[in-house]
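Notes for the one structure printed next.
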Amino acid sequence: MDPHYALPAPGSIDQQLVSEKLNLSGMRCAACVQLIEFRIRQLPGVTSFKIHPASHRADITWDTQSLTFKRILAAITDLGYGALPASQSLDELEQKENKRALWRLFVAGFAMMQVMMYAFPAYLVPVPQIDGDLTPDVDKLLKLASMIIAVPVIGFSASPFFSSAWRDLKNRHIGMDVPVSLGILLTFFASVWATFHGGAVYFDSAIMFVFLLLGARLIESRVQKRTTAALRILTQLSPAMAQRFLAYPQVATETVDVASLQAGDYLLVAAGEHIPADGVVITGDSSCDEALMTGESLPVNKSKGSNVLAGAVNLQGALVMQAKEVGGATQLSALIAMMESASLEKPPLVLLADKHASRFLIIILVLAFISGIVWWQIDPGRSLWIAISIIVVTCPCALSLATPGVMSAAIGMLAKNGVLLAKSKAIQAMAMATHIVFDKTGTLTMGKLQVREMLHGEGASASEAIAMALACQSSHPVARAIGDYLAQKKSNHELADVAGLSKVREVPGGGIEAECEGKTYRLGSVEFASDLHAQDLPIPPNFAGQTLSVLASEHGNLIWFALDDVLRDDAIAAISNLKNKGKQILLLSGDRQDVVNKVAAQCDIQAAHAGLSPAGKYAIVQKLQADGATVVMVGDGMNDGPVLALADVSVAMGQGAPISQSRSDVLLMSNRLLDLDFGMTVASKAYRLIRENLAWAVLYNLFAIPAAMSGLLEPWHAALGMSLSSLIVVLNALRLYLLEQPAYLIPESDAGLR
């Protein structure tokens, strides 16, 4: 029995589940992720195991009575990967691996130059048997020298390919390194045989192949680190320790692990430290850098009553804060989870390519075998080399590298500017979008409504108290505005004395209904209120063009509230930019027609629909999709939930209702519509690069494979073509970084440098 296992006593059914985060190293592609997850999930006692490829972290939960943590780490390292608890950094391990990678590249490069010198005479002055001037003794001496120089390349530089291929074969998986290793070994050993028995050798081809492939993979790893930088930084933002007050307001504090914090704890955050939890400032004045969480490039001032976010940097004075959300409930944790989830998913086009990648490898091996047999009948001396050329020249690497770099770069660029992807399929849908549908309140407008005027009838004081009580039951911008307005009226201290409400219900797109002292009241839209008393009362003339809300009873309207909202500063520019991209813009709102028309005119939106219920919005988007449109829906608030779920891409504003955020593919944390416009540009560019990479990989193989099968390519041609093809795909992904940010996204401190 494995000593690492600790089996429970017979008949024991108790479980002691423990969760832990791991740092992983050595993963190169999706196949690595699948292999590790498959093997670890098979361990007895493991209840869940999930790898986040973008951050190279993993979450695991296991039963300590069945399995030890040491055994879990050993199982991962046995597969050839590095694993440490999340509290321990992999930087030292990665530095050692990078140093070894550079040494492997150096050995292969040095050997390649030497072997090329020995191979050069054979190409120019071959041996006399084939009309050359090179004597057989000198020819054999050069071959032996080439073989000796090739040994360290095969034994040291190429070792990562062999170990990876052996791991894949042990796990009954055909990965990219299987044909790579096969090509290297066949070329080397066939050349060894030819050295002693006569014939052409291709030590130079094998060494060149190893050198070019190592170089391409080294560049690939550097690119991957750059493209996942945003997510890696996010995962490192939360501090490990925090200063917690023993008994606030006493000054004594203790240093505790952030994982032990609880909601309600009072914390001290010194200048220069990261905020350890989401909460509110109790005392102190400072400013915080929240750029990575919200996309806001400038520091945000903080004082008593201000909300602070976990991961933000306290730039100036010390702050005393009370924790509201801790651990996995913080906004930072939610953002990390969204980005990691997006990195796991792939657009439909990419899934199609991945689906056929493993089949492609098997087909290539079969073609190489068949071609070798056919050429054995034609020219036995060339059959093996042609089979090797077919294996080497093929480009499964290009197919596998075609998308990860682009997707990681796109996700990182968007996150840097306050646009977070919950599902990476949104990249393809945003690139193909034909229609963009906007909600009005809280989306095109600030959503910070203010009551400009109030008109009431009988029982004003009691009615205001009921309106206040109803407004407190909703998080809708209109309800919040009414609640704030009534709370500021000095003459209404008695508002809090209203008897308790019963049968409270919120109607999406309508308002709030409740019973108080046996009577039914409604606070919401004019139509919603009118349905209660069945009276069609005229709107006060001086309220035209403003958002209206009504408090009504079964006897009529008790109070009219006229509210104003402010158009977002960047709404007009964002709509103009999106229209210039060829997008059709629609405005769907539940507000009155005159209010909606006013906003539509300001933003130059031709298609504006007012007075819509959630079902009405849903029906319009459904019809657009039925007509072949790809729809992006941008919304805020509870009544946008159904249509957000229906749209091809759903975008929720950062300050929106939780239900709209939970059903969204994209979260606009910055609340800037111009960031959404930039996000559409990034998505279009990324999707175009993905298609270019896939097209190049397919086109290359369509020409290279027939050329190799017909004998037109030597092994060194194949090595050069395969490595350069992979390198082209990786470098093409970097073109996304050439996409210039518009001036409105450049911080003022940097604007003068551009």
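Set the Förster distance to 51 Å, then compute FRET efficiency between residue 455 and residue 737 from the Cβ-Cβ distance, nearest 0.05.
That pair, residue 455 with residue 737, gives E of 0.35.
So if each residue of separation counts as 0.36 nm, and I subtract the Cα-Cα distance between residue 307 and residue 374, what length gain in nm does that give?
Full extension of this stretch gives 16.7 nm more.
Based on the Cβ-Cβ distance from residue 622 to residue 432, what FRET efficiency comes out when R0 is 22 Å, to the nearest 0.05?
Result of the calculation: an efficiency of 0.75.
How big is the dipole moment of the stretch 17-89 about its Cα centre under a simple scheme where the beta carbon of each Lys and Arg is +1, that of each Asp and Glu is -1, and everything else is neutral? Debye, nearest 20, please.
In total the dipole reaches around 100 debye.
Determine the shape class of the stretch 450-564: with a ≥ b ≥ c the square roots of the Cα gyration tensor eigenvalues, call it rounded for a/c under 1.5, and otherwise prolate if a/b is greater than b/c, oblate otherwise.
rounded
May I ask you to sort 709, 321 by Cβ crowding, counting other Cβ atoms within 10 Å and putting the fewest first?
Least to most surrounded, the residues fall as 709, 321.
Quickly rank 250-258, 68-76 as a protection proxy: mean count of other C-beta atoms within 10 Å, highest first.
68-76, 250-258
Report the label-to-label distance for residue 169 and residue 699 in nanometres (one decimal), using points 7 Å from each Cα along the Cα→Cβ vector.
Going by the 7 Å Cα→Cβ label model, 3.6 nm.
Write out the GluC sites (Glu not before Pro) in the stretch 503-535 meeting two conditions: DSSP loop, and at most 14 other Cβ atoms within 10 Å of their Cβ.
Filter output for the stretch 503-535: 517.
Taking 0.36 nm per residue of sequence separation and subtracting the Cα-Cα distance, how much length would be gained by fully extending the chain between residue 366 and residue 554, in nm to one decimal?
59.7 nm
May I ask you to order 682-693, 363-374 by the average number of other C-beta atoms within 10 Å around their residues, highest value first?
Going by the mean number of other Cβ atoms within 10 Å, highest first, we get 682-693, 363-374.
Would you mind pulling out the separation of the Cα centroids of the stretch 570-630 and the stretch 513-560, in Å?
Distance between centres, Cα-based: 27 Å.
How much of the calculated P(r) for the stretch 240-329 lies past 21 Å, in percent of all Cα pairs?
So the portion of pairs separated by more than 21 Å is 21 percent.
Bear in mind that the values in this text are calculations on the coordinates, not laboratory data. Given the structure is predicted, the values throughout are model-derived calculations rather than measurements. We place every Cβ from the backbone using ideal geometry, glycine too, and count neighbours over all the protein chains shown.
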